[in-house]
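Worksheet: one structure, shown below.
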Amino acid sequence: MPVKLKVKDMMVPIDDYAVTTVDKTLKEAVPELMKIYCQVETGKCTEAGHRTSLVLDEQGKLVGILDFKSILKVLIPEIAGGISGKLQALGISIAFSEVDAHHMDSSHHGFSSRVRQNAQTRVGDIMLKIRGSISADDSFIDALKMIYRNKVTVLPVFEGDKLVGVLRDSDLFLAAANVLME
């Protein structure tokens, strides 16, 4: 029964979770996250793993979280802007788009080089701030409250000052869903 579960019974141990550092570039951090996220079946990556990396500073202290949305926003900035931002990211001016739209194909070829250039961004410059953490001895209900109050999908788990794992909203969901299977 989930109510009796402790966070330590549901969390992902830190050794099984993606961890990166503030000084790494996205080019270095993305493959690490992809490795722990992907389970390769029939030559394709299927969703199986973690969708975030914990970010540590130079002293090994937890300082942030790197998630898919933040990565995509930096690698492909046109997803966050209006039409002008989208055209600018593609290297197209408004005048160009109206007059010379047939050159659009060459702009699409620039997509890969833009992504590679943007991948030089440091993790520390785009990471999300930690918005809560939880103790390994806290309860399922405590964890559920913390996730919803802080509007997060992952919580770092500590035993005292030591980072020991990560609790995800999916871990809480599975614990609750298991009640249905009893």
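Please work out which one of (1) touching a Lys or Arg at 6+ places or on another chain (Cβ under 8 Å); (2) surrounded by 13 or more Cβ atoms within 10 Å (Cβ to Cβ); (3) of a type in the set (Asp, Glu) is the condition Asp137 fails and give its number. Tallying (1) touching a Lys or Arg at 6+ places or on another chain (Cβ under 8 Å); (2) surrounded by 13 or more Cβ atoms within 10 Å (Cβ to Cβ); (3) of a type in the set (Asp, Glu), Asp137 fails exactly one: (2).
When the residues of the stretch 1-59 are filtered to those that are hydroxyl-bearing (Ser, Thr, Tyr), under 19 Å from Phe173 (Cβ atoms) and in a strand (DSSP E or B), the one that is modelled with the lowest pLDDT is Thr46. Of the residues in the stretch 154-168, none is surrounded by 15 or more Cβ atoms within 10 Å (Cβ to Cβ), touching a residue at least 24 places away in the same chain (Cβ under 8 Å) and more than 18 Å from Val63 (Cα to Cα).
The values are calculated or read from the model by the stated rules, or taken from the named source; none is laboratory data. In this text, all values refer to a predicted model and were calculated from it rather than measured experimentally. Reconstructed Cβ throughout: ideal geometry from the backbone, glycine too, with neighbour counts over all protein chains shown.
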